[in-house]
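Below you'll find the structure, written out as structure tokens, and then a few comments.
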């Protein structure tokens, strides 16, 4: 689940909130235990146990922080075993798109009187505006790739398949699907070095889940793929460990830039 849950837990504690965490075994960082008042560890699919823990703790608001790899739902060697509550929620799905699954979970929470907050609600400072992070700025050719890739990524996101595409010389090298952002970046690296990674918010994205998120691990994926630029949608993307991300990017000559979609659209015209 990465560092996002840790950042949210720390922000909640700073605000004076009492924090109880439902953590998924083998996915959540054990360090989360040090950042919360109470924690309940569950296996993926143990929905009833999680609900019982929240009810017992008197939880009234929740934040879905982190990401469950969706490919776990399709593994034949170790399928997810849903309990009765989980099966009830999953059984009503029209499809298994990210927004459909997470929307069903959020709706179920709300039937229990638990409000699901936007992922960044407790830490709005994690949202970054239209600026360059670090000292490396994109070249003119790289800016052309950003201008080319950004609107394509937005259109692609309308299909609720992924948030990221990778381009070079105004050609698309890879698009994100079920494998996730990091795997998409590394796959593009097998085709060509020096690419531009573009990450955007999906059209009509519900801020309660699956907001675009980048961090140091994202930069490390760019390094492994020999990519040169990370462009993200400004104002809606969560940036984890901003200073660490900038240091890592600078160390490898990677430009990281927040893109204002309205300004970009004007420049393209």
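Report, by residue number, each residue of the range 180-207 that is part of a loop (DSSP other than H, G, I, E, B) and touching a strand residue (DSSP E or B) at 6+ places or on another chain (Cβ under 8 Å). Spell out the reasoning first.
The first filter runs over the range 180-207 and keeps only residues part of a loop (DSSP other than H, G, I, E, B), leaving 180, 190-195, 200-207.
Listed by number, the residues that qualify are 191, 192, 194, 195, 200, 201.
Go through the residues of the range 124-143 one by one and say whether even a single one is modelled with pLDDT of 95 or more, in a strand (DSSP E or B), in contact with a strand residue (DSSP E or B) (Cβ under 7 Å, 6 or more places away or on another chain) and more than 29 Å from residue 72 (Cβ to Cβ). Looking for residues that are modelled with pLDDT of 95 or more, in a strand (DSSP E or B), in contact with a strand residue (DSSP E or B) (Cβ under 7 Å, 6 or more places away or on another chain) and more than 29 Å from residue 72 (Cβ to Cβ), one finds at least one in the range 124-143, hence yes. Cβ-Cβ distances below 7 Å connect the following pairs, each with a first residue in the range 83-100 that is on the phi < 0 side of the Ramachandran plot, a second residue that is surrounded by fewer than 13 Cβ atoms within 10 Å (Cβ to Cβ) and part of a loop (DSSP other than H, G, I, E, B), and a separation of six or more residues or different chains: 100/93; 100/94. In the range 155-182, the residues that are assigned by TED's automatic domain parsing to the domain that holds residue 211 and surrounded by fewer than 21 Cβ atoms within 10 Å (Cβ to Cβ) form Cβ pairs under 7 Å with partners that are modelled with pLDDT of 85 or more and part of a strand (DSSP E or B), at six or more places apart or across chains, as follows: 172/165; 175/165.
Residues that are modelled with pLDDT under 95 and under 21 Å from residue 255 (Cα atoms) do not occur anywhere in the range 202-211.
Selection of the range 98-123 for residues being over 30 Å from residue 255 (Cβ atoms), touching a strand residue (DSSP E or B) at 6+ places or on another chain (Cβ under 6 Å) and assigned to a loop (DSSP other than H, G, I, E, B) yields 114, 117. Listed by first and then second residue, the pairs with beta-carbon distance under 6 Å, at least 6 apart or on different chains, first residue in the range 44-59 and on the phi > 0 side of the Ramachandran plot, second part of a helix (DSSP H, G or I), are 45/86.
Just a yes or no: is a residue in the range 200-208 crowded, with 24+ Cβ neighbours inside 10 Å, in contact (Cβ under 8 Å) with a residue 40 or more places away in the chain and in contact with a helix residue (DSSP H, G or I) (Cβ under 6 Å, 6 or more places away or on another chain)?
Restricting attention to the range 200-208, the residues satisfying the condition of being crowded, with 24+ Cβ neighbours inside 10 Å are 200.
So of that shortlist, the ones also in contact (Cβ under 8 Å) with a residue 40 or more places away in the chain come out as 200.
If we keep only those that are in contact with a helix residue (DSSP H, G or I) (Cβ under 6 Å, 6 or more places away or on another chain) as well, we get 200.
Yes: the range 200-208 contains one or more residues that are crowded, with 24+ Cβ neighbours inside 10 Å, in contact (Cβ under 8 Å) with a residue 40 or more places away in the chain and in contact with a helix residue (DSSP H, G or I) (Cβ under 6 Å, 6 or more places away or on another chain).
Residue selection: residue 72 fails the criterion of being surrounded by fewer than 19 Cβ atoms within 10 Å (Cβ to Cβ), closer than 28 Å to residue 249 by Cα and not assigned by TED's automatic domain parsing to the domain that holds residue 196.
Among the residues making up the range 208-234, those that are in a loop (DSSP other than H, G, I, E, B) and either in contact with a strand residue (DSSP E or B) (Cβ under 7 Å, 6 or more places away or on another chain) or on the phi < 0 side of the Ramachandran plot (or both) are 208, 209, 211, 212, 215, 227, 228, 234.
Can you go through 123, 84 and tell me which one is in contact with a helix residue (DSSP H, G or I) (Cβ under 8 Å, 6 or more places away or on another chain), exposed (fewer than 14 other Cβ atoms within 10 Å of the Cβ) and under 27 Å from residue 58 (Cα atoms)? It would help to see each step written out before you state the result.
Numbers: 123 fails: exposed (fewer than 14 other Cβ atoms within 10 Å of the Cβ).
Testing whether each residue is in contact with a helix residue (DSSP H, G or I) (Cβ under 8 Å, 6 or more places away or on another chain), exposed (fewer than 14 other Cβ atoms within 10 Å of the Cβ) and under 27 Å from residue 58 (Cα atoms) leaves just 84.
The values are calculated or read from the model by the stated rules, or taken from the named source; none is laboratory data. Just so you know, these numbers come straight off a predicted model, no measurement behind them. FYI the Cβ positions are ideal-geometry reconstructions off the backbone, even for glycines, and counts take in every protein chain you see.
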